[in-house]
1. Which percentage, to the nearest 5, of the DSSP beta bridges contained in the range 56-97 is antiparallel?
2. Could you give the alpha-carbon Rg of the range 318-377 over 2.2 N^0.38 Å, rounded to two decimals?
3. What is the Cα convex hull volume of the chain when expressed per residue in Å³?
4. In the chain, what % of DSSP beta bridges are antiparallel (nearest 5)?
5. So how do 255-265, 637-647, 62-72 stack up, highest first, on mean other-Cβ count within 10 Å?
6. Determine by what factor the alpha-carbon radius of gyration of the range 214-262 differs from 2.2 N^0.38 Å, reporting the quotient.
7. Return the Cα extents of the range 245-366 along principal axes one, two and three, sorted largest first, each rounded to a whole Å.
8. Step through the table entries Lys24/Lys64; Lys76/Lys270; Lys64/Lys482; Lys45/Lys66; Lys253/Lys342; Lys167/Lys391, compare each Cα-Cα distance with 30 Å, and write down the pairs that go over it.
Amino acid sequence: MNSFKTFVIASALILAVSGCKVEKPADTDGHDLWFHNLEQVSDAKPASYTTEAIAQNEIDRFWKGKAAVEIKVLDKQDDALGRDGYRLVFSSGKVSVEANTAIGTLYGVYGLLRLQQTDALPKGSKTITEVPAYEYRAFNHWDNLNRSVERGYAGKSLWNWDELPDKVSPVYQEYARANASVGINATAINNVNANAQILTPEYLQKVKVLADIFRPYGLKVFLSLNFAAPKHIGGLDTSDPLDPKVVQFWKDKTAEIYALIPDFGGYLVKANSEGQSGPQDYGRTHADGANMLADALAPYGGVVFWRAFVYDAQAEDRAMQASDEFVPLDGQFRDNVLVQVKNGPIDFQPREPISPLFGQAPKTNLMLEVQITQEYLGHSKHMVYLHPLWKECLDTDTYEFGKGSTVAAVTEGKYRDNKLSAISGVTNIGDDANWCGHQMAQINWYAYGRMAWNPDLSSDEIADEWLRQTFSSDPKFVKPVKDMLLRSREVNVSYEMPLGLHHIMASNAHFGPGPWETSYRKDWSPQFYHKAGPDGVGFDRTVATGSGATAQYNEPLASTYDNIETCPENLLLWFHHVPWDYKMKDGQTLWNELCHTYQKGIEAAEDYVRIWEKAEPYVDNQRYQEVRTKLIRQAKDAMWWRDAVILYFQTFSNMPIPDDCYPAQHTLDELQQVGVFRRPQMPQGGARPQGAPQMPRQPRPEIYDMLPDYTLPSMPEL
Ligand code: BDP
């Protein structure tokens, strides 16, 4: 239901039932995202489907201010604003939205409405200038052509390929609008594990329809490539990037795409990674492959996002491989190639150090890839606000160009002449009514866009904006719920993989714990990453006795990480193999610290339920209930994680769970059986396993009784 109708119905109900008393908001499925509290003041339709008309229409429908809004594309270019920047000039009785381009004004309009919705409009005369940090603020959809979404937890793909190009869902436009409202301006619409069919004429006609819908919102389409496309769909017997026939195939294909989509963005490529084909199949390098595509795109202004997510089963330490492969190629990539690097050196874990590559390739256009979908952080079942995770990476100093050369500064291009810059986020969007599977996961879509525009914004500022626009501006709601969101990433680390533990999840679906698991590939096996044994736990990456990964960082990071005394404790087991009785900074043994950290995680997750219940008067019933049910489940899943990891590690440490922690609620044996075929029931009311000694602490029974039909989750199919 559109927000205007919702508003009218809700207002009528309120008046009918209670005079002017403020009542509970009307139910919503969350589809209207952060536009939820925008009240429509007019039903006007855009005069046409152009950027200019859309910008004007957003003001006509939603601007409540008395001051007249004037939208103007500047006659004389203002270099300070670039292509997408804007200026809001507030003077008496007037607000002027100025930019060099129409899309700049549309961003300005959304900026102005955001100020209105967050009660942040200036009182007197003022000029606000906003210029985005990155030129490309991209989304990566891991959407397959059969509408399944790799690592997607919010329903099917938005793109209905069977119906396109004839039938066009209204959702495509809603999607483009939502992206424009937070500044996202590029979208790679298909999975990086790409099916070459997307490049056939039949599919390109469908892609063109999407591109036409996205264009007025400033959203450029990118396509993920299958590097073997010349063989798969081009009738060639090779995909060697130096073969003239292959070069010609890509030139022709690129020309065909631009004929349909003149503002096509370019290609996103996963090559020689996890079984995907690539230039190395032909003895060529990543640079050979990327440059061949870059040359095909250059005449049209297109760019290549070439991913650095590479690793090989035989290597001793997967964390070192992106650097090992890409550092020697520094300086060899064309100007219109950006090398897309995941935030950490392994794979989107709840906490990783930064990828060392950010500090090692000064002559390469590096870009950051973050994951918005919660592959390793509880899927769409757990509430985790991810901005603190991304911000931690952006703010980390690589020291490559001296102090202050943070990942943000390096990727923004502050140290290169070539100012091409980009950032990518793997989306959490599907065809669920609320887009993201979890109402609270919408914040991660919002926050990604805001961060891509301005990496300096704090997690607090972004959460504040989102809550006010999506739920309520009442401080009694905003403060506690925001605090909960701000803690949620650290809480997730605490109950899943604290103190630098990583990759110990169940390996089939990447949901839930699996520390006991082994795999036919050692680098997919949790045991390879935690290396727990009688002597301790953790991956030794030091120079003297371990893999030497610490040496891939610049000083002083390298020696800080290398020395167990100076290594930050939240990364301890990432870099060191540590005895169970090692004394931590607070005097506890490592074992007790682990137990207490998990305990804190569980208790914080339990607290979420109570905090949310207090927020109830400010939230419509539908969203309230949906979130509450998920939060209860999250608390139970936290317990599941703790029991699994601690009971398994206990077989090596032989140390007791401290008395001030909850006793185990499951046996290791039953946890190891969790799977599609056997799902033990979570004990109700925090019941102790039979025969367990009396312990002083018990999980709060009221939380565990709330979802009586909870079973330990089955492992979803991949
Ligand atoms: C991993 C995912 C896998 C992706 C891969 C990638 O498990 O599904 O294909 O990353 O980024 O996180 O290519």
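1. Counting only bridges with both partners in the range 56-97, antiparallel ones make up about 50 percent.
2. 1.16
3. 171
4. If I count the DSSP bridges inside the chain, around 30 percent turn out antiparallel.
5. Descending packing order for the listed peptides: 637-647, 255-265, 62-72.
6. Ratio of Cα Rg to 2.2 N^0.38 Å: 1.35.
7. Here the spans come out as 45, 27, 26 Å, largest first.
8. Lys76/Lys270; Lys167/Lys391
Only the coordinates and a few stated rules stand behind these numbers; no lab work does. Given the structure is predicted, the values throughout are model-derived calculations rather than measurements. Note: ideal-geometry Cβ built from the backbone for every residue, glycine included; neighbour counts use all protein chains shown.
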